[in-house]
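**Student:** Attaching a single structure in structure tokens format; questions to follow.
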């Protein structure tokens with residue numbers, strides 16, 4: 001499970017990030033891949049090279065960077081979210097197509113394009129092939145949200161019906177079912193308002209709110225994909241930002257905390273607690289990756305533009321999962 005979010009600050013910066021809701025750690029860490037990085041496309045067993053440097057949360061498997069979400073030096077960002085029962089991968093490659101395994105779509109898109117408008121025509125050629133990274137790593141079930149510094153946002157889904165691209169005007173994504181279903185479902189909440197409800201009359205009885213804080217009445221409060229989509233869309237649409245980027249970052253983390261999973265609230269069929277392992281927020285213009293974790297709610301920041309983007313090696317930053325407390329005395 002997961003929730004992804006986009007947000008624009010009052011001073012014009014674009015933010016992109018997500019909650020990573022999962023019942024286990026996957027050896028994740030903030031990972032910087034330099035420009036002109038060469039990797040093996042397992043779908044066609046050939047070496048390919050990226051164009052742009054990128055930073056995001058991921059894991060290295062057989063010297064192969066596998067990103068959960070990432071942004072490049074131009075600001076194009078992408079996150080993969082779990083899409084069980086709906087995602088579909090082709091069994092064979094197709095000549096004349098861009099054959100990509102699902103775990104490489106982020107690496108390919110963020111590594112080679114500056115914007116959604118540049119990427120979109122190439123997506124029509126994409127053929128997602130279900131070839132595992134290795135025999136010990138199962139294929140993921142994913143759909144993707146992408147955003148750029150122009151404010152464009154799309155969702156990519158590959159189902160039995162083929163690859164579909166949706167313009168995402170609500171700026172959020174969760175999990176199954178399909179994105180167009182989630183948009184239709186928002187109609188059920190068309191009357192939900194952040195304002196305090198007023199007095200009403202039923203029969204001859206005056207009905208008044210019991211107290212302050214009744215805004216948002218009717219919003220779902222559970223942790224299902226459908227409920228998180230509605231709540232995140234509502235919180236994003238009604239968020240009140242200050243005048244600068246920092247205010248936007250603060251609100252970004254607050255919005256995602258409103259749909260985060262607390263240990264014990266969601267238990268998997270294997271009797272394991274599903275939690276929000278981390279929350280990320282990327283400033284797409286500045287190239288700064290912010291994150292906090294379930295065990296450490298201090299916000300950590302890594303500026304990719306302070307690193308050598310022409311380096312030859314992947315750089316992995318320590319995953320700071322131990323709580324930091326500011327003791328005043």
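The values are calculated or read from the model by the stated rules, or taken from the named source; none is laboratory data. Not measured: the values here are computed from a predicted model. Here Cβ is always computed from backbone atoms with ideal geometry, including for glycine, and neighbour counts include all displayed protein chains.
**Student:** Taking the stated definitions as given, is residue 90 within 20 Å of residue 44 (Cβ to Cβ), in contact (Cβ under 8 Å) with a residue 40 or more places away in the chain, surrounded by fewer than 22 Cβ atoms within 10 Å (Cβ to Cβ) and in contact with a strand residue (DSSP E or B) (Cβ under 9 Å, 6 or more places away or on another chain)? Working first, answer last.
**Tutor:** Details: within 20 Å of residue 44 (Cβ to Cβ): yes; in contact (Cβ under 8 Å) with a residue 40 or more places away in the chain: yes; surrounded by fewer than 22 Cβ atoms within 10 Å (Cβ to Cβ): yes; in contact with a strand residue (DSSP E or B) (Cβ under 9 Å, 6 or more places away or on another chain): yes.
Yes.
**Student:** Residues to consider are 210, 246, 256; find the one that is touching a strand residue (DSSP E or B) at 6+ places or on another chain (Cβ under 9 Å) and either without any contact (Cβ under 8 Å) to a residue 40 or more places away in the chain or not in a strand (DSSP E or B) (or both).
**Tutor:** On the way: 210 fails: touching a strand residue (DSSP E or B) at 6+ places or on another chain (Cβ under 9 Å); 246 fails: touching a strand residue (DSSP E or B) at 6+ places or on another chain (Cβ under 9 Å).
Testing whether each residue is touching a strand residue (DSSP E or B) at 6+ places or on another chain (Cβ under 9 Å) and either without any contact (Cβ under 8 Å) to a residue 40 or more places away in the chain or not in a strand (DSSP E or B) (or both) leaves just 256.
**Student:** Right, next: Please give the number of the condition residue 283 fails out of (1) surrounded by fewer than 14 Cβ atoms within 10 Å (Cβ to Cβ); (2) within 24 Å of residue 324 (Cβ to Cβ).
**Tutor:** (1)
**Student:** Next question. Can you find a residue that is surrounded by fewer than 19 Cβ atoms within 10 Å (Cβ to Cβ) and under 17 Å from the mean Cα position of the chain (by Cα) anywhere in the range 178-193?
**Tutor:** Yes, there is a match, as at least one residue in the range 178-193 is surrounded by fewer than 19 Cβ atoms within 10 Å (Cβ to Cβ) and under 17 Å from the mean Cα position of the chain (by Cα).
**Student:** On to the next question. Within the range 8-77, considering only strands (runs of 3 or more DSSP E) that don't extend past its boundaries, which have at least 2 residues that are surrounded by fewer than 20 Cβ atoms within 10 Å (Cβ to Cβ)? Write out each step before concluding.
**Tutor:** Working: elements: 14-22, 29-33, 38-41, 46-49, 54-61, 64-72.
The strands (runs of 3 or more DSSP E) meeting that bar are 38-41, 46-49, 54-61.
**Student:** Another one. When both residues are 6+ apart or on different chains and their Cβ atoms are under 9 Å apart, which pairs have a first residue that lies in the range 155-172 and is at positive phi and modelled with pLDDT of 95 or more, and a second that is surrounded by fewer than 20 Cβ atoms within 10 Å (Cβ to Cβ) and in a strand (DSSP E or B)?
**Tutor:** Listed pairs, sorted by first residue: 171/8.
**Student:** Output the residues belonging to the range 145-176 that are farther than 17 Å from residue 89 by Cβ and exposed (fewer than 15 other Cβ atoms within 10 Å of the Cβ).
**Tutor:** 150, 151, 167, 169 - these are the residues of the range 145-176 that are farther than 17 Å from residue 89 by Cβ and exposed (fewer than 15 other Cβ atoms within 10 Å of the Cβ).
**Student:** Can you name the number of the only condition in (1) under 22 Å from residue 5 (Cα atoms); (2) at pLDDT 95 or above that residue 307 fails?
**Tutor:** The number of the failed condition is (1).
**Student:** Considering only residues that are surrounded by 12 or more Cβ atoms within 10 Å (Cβ to Cβ) and part of a loop (DSSP other than H, G, I, E, B), look in the range 219-243 and name the one that is farthest from the chain's Cα centre (by Cα).
**Tutor:** It comes out as 242.
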